[in-house]
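Scroll down for the structure; my scribbles are underneath it.
The values are calculated or read from the model by the stated rules, or taken from the named source; none is laboratory data. Please read these numbers as outputs of a predicted model, since none were measured by experiment. Heads up, the Cβs are rebuilt from the backbone with ideal geometry, glycines too, and the neighbour counts pull from every protein chain shown.
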Amino acid sequence: MNRTQITAGRDAHHRPRGVAAEELRRHNLATLLERLHLLGPTSRSELTATMGLNRSTIADLIGELASLGLVEEGPAQASSGPGRPSPTVSTRPDGATVLAVEFSVDSVAVATVGLGGHVFAQVREPRPRARVSPDKTIEQVARLARPLLESLPSGASLTGIGAGVAGVTRRSDGFVHLAPNLGWHNVPVGEMLSSGLGLDQQVLVANEADLGALAEYRRGVGAGVPHLIYLSGEAGIGAGIIHDGKPMLGAAGYAGEAGHTLVNPDGHKCRCGAKGCWETEAGEEALARHAGIPETVAGVGILDTVMARAEAGDETALAAIAEVGRWLGLGIGNLINVFNPQLVVLGGLYHPLFHFLEKAVYEGARLASLEAPGDVAEIAASGLGLDAPLMGAAELALSEIIADPAGRRQTGPG
């Protein structure tokens, strides 16, 4: 993919007219830092060419970012063309580090991540399917996070906290209205995380499928694809939508609850209280039901059992996967008709099952989608696997300092 595509919308070529010099400088700082964050080490000459700015302006921007501790210059790379080799510029991961948290149905994950997507450390711990209170879960996060924060390099600057929740989440304050598969209702997760971690940094909370979409768009299989949908499959189904390179969140951040769209009026009752939701036909319980797995097996045990049987050629398991894949494809076809994506990314339990699901999913999507949008859309397994929402939480938190490098207060890890 052309390296300039990823952040083309913020290039200096497209700057609005009449922008004051200070605002333009901050815009260019953000554009430069974002390029380095997403694309990795880049030469000065390449930055000059792709941003459309002169060499002295690029040098000044690099100097300012370096003074903020966000980038550094390395030895010049040998050049095959005329002129002197150009120094290489790269981000400093310890210059802006965030704590990423993921609350999924079967696990809790925590990571420390720096600029450039550098993962300093991460840990994932199982979460029982029993109704674990938000308080106890926050205590678990704090216990997991403490050693990760303590192990950060000396002088590392902790700039924010990002968290993903498998539920209906209000981004403005991190309030989770409903997370049926977690057993949570009206929980101020953002406030609780801030208090439980004992940190002063800003806490940003979002739906885990939205964060999976963000991560896949920035660093995964959909890197730079401006129109994509990410589907997270676990106990339920969540959808994250990237439209024209930006998250589509809805009026209050609640968009993407695709798992609770009606697909079968005569279907099974859903945890949300409705009947015939998409996740009752294409989710984890449907897979267990069709595969004949007893109710005593739950969570990752269902996936492990079905995978083992499928790999051994068990016809019942293969038929169960195909049936779930068909329903999954039918739902995807509806999404293709509504959103016209270039790419649909399958995460969560669909990621390891993709080899077995692929044919049935494509057939179901083909049945449900119109020819024109159906021809445009591709379907692929997640490039980041289980960690997509966790890495999306990191990207969410890092986006704050990337958007305004000079305006963010930076503190130590505490």
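Per-residue answers, yes or no, for (1) hydrophobic (A, V, I, L, M, F, W, C); (2) more than 26 Å from HIS355 (Cα to Cα); (3) buried (at least 21 other Cβ atoms within 10 Å of the Cβ); (4) at pLDDT below 90:
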site	(1), (2), (3), (4)
HIS268	no, yes, no, no
LEU287	yes, no, yes, no
THR305	no, no, no, no
ALA317	yes, no, yes, no
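Can you name every residue in the stretch 149-179 that is out of contact with any strand residue (DSSP E or B) (no Cβ under 9 Å at 6 or more places or on another chain) and part of a helix (DSSP H, G or I)?
Listed by number, the list holds a single entry, GLU150.
Please verify whether VAL376 is of a type in the set (Val, Ile, Thr), without any contact (Cβ under 8 Å) to a residue 24 or more places away in the chain and surrounded by fewer than 23 Cβ atoms within 10 Å (Cβ to Cβ), treating the condition exactly as stated. For VAL376, the condition - of a type in the set (Val, Ile, Thr), without any contact (Cβ under 8 Å) to a residue 24 or more places away in the chain and surrounded by fewer than 23 Cβ atoms within 10 Å (Cβ to Cβ) - is not met.
Can LEU204 be described as within 17 Å of HIS351 (Cα to Cα) and either among the basic types (Lys, Arg) or in contact (Cβ under 8 Å) with a residue 24 or more places away in the chain (or both)?
Here the answer is no, as LEU204 does not meet what is asked.
When LYS359 is tested against (1) within 13 Å of ILE237 (Cβ to Cβ); (2) assigned to a helix (DSSP H, G or I); (3) not acidic (Asp, Glu), just one condition goes unmet, and that condition is (1).
When GLY238 is tested against (1) at pLDDT 95 or above; (2) more than 14 Å from LEU99 (Cβ to Cβ), exactly one condition is not met: (1).
Put simply, of LEU249, LEU182, LEU214, LEU199 the only residue that is buried (at least 22 other Cβ atoms within 10 Å of the Cβ) and either among the charged types (D, E, K, R) or assigned to a loop (DSSP other than H, G, I, E, B) (or both) is LEU182.
For PRO413, the criteria (1) within 27 Å of GLY167 (Cβ to Cβ); (2) modelled with pLDDT under 95 hold in every case but one, which is (1). If you go through the stretch 129-164 and keep only what is under 16 Å from VAL110 (Cα atoms) and either loosely packed, with under 13 Cβ neighbours inside 10 Å or among the charged types (D, E, K, R) (or both), you end up with LYS136, GLU139, ARG143, ARG146, PRO147, GLU150, SER151. Filtered by the rule that a residue be over 17 Å from MET391 (Cα atoms) and under 20 Å from the mean Cα position of the chain (by Cα), the stretch 127-170 gives GLY167, VAL168, THR169, ARG170.
For every residue, the table says whether it meets (1) under 28 Å from the mean Cα position of the chain (by Cα); (2) not aromatic (Phe, Trp, Tyr).
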position	(1), (2)
LEU249	yes, yes
HIS268	no, yes
GLU315	no, yes
ALA322	yes, yes
TRP327	yes, no
GLY331	yes, yes
VAL338	yes, yes
GLN342	yes, yes
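Within the stretch 103-148, the residues that satisfy the criterion of being farther than 21 Å from GLY299 by Cβ and in contact with a strand residue (DSSP E or B) (Cβ under 7 Å, 6 or more places away or on another chain) are ALA111, THR112, VAL113, GLY114, LEU115, GLY116, VAL119, PHE120, ALA121, ALA145, LEU148. Which count do you get for residues in the stretch 252-292 that are assigned to a loop (DSSP other than H, G, I, E, B), acidic (Asp, Glu) and within 12 Å of TRP327 (Cα to Cα)? So the count comes out to 0.
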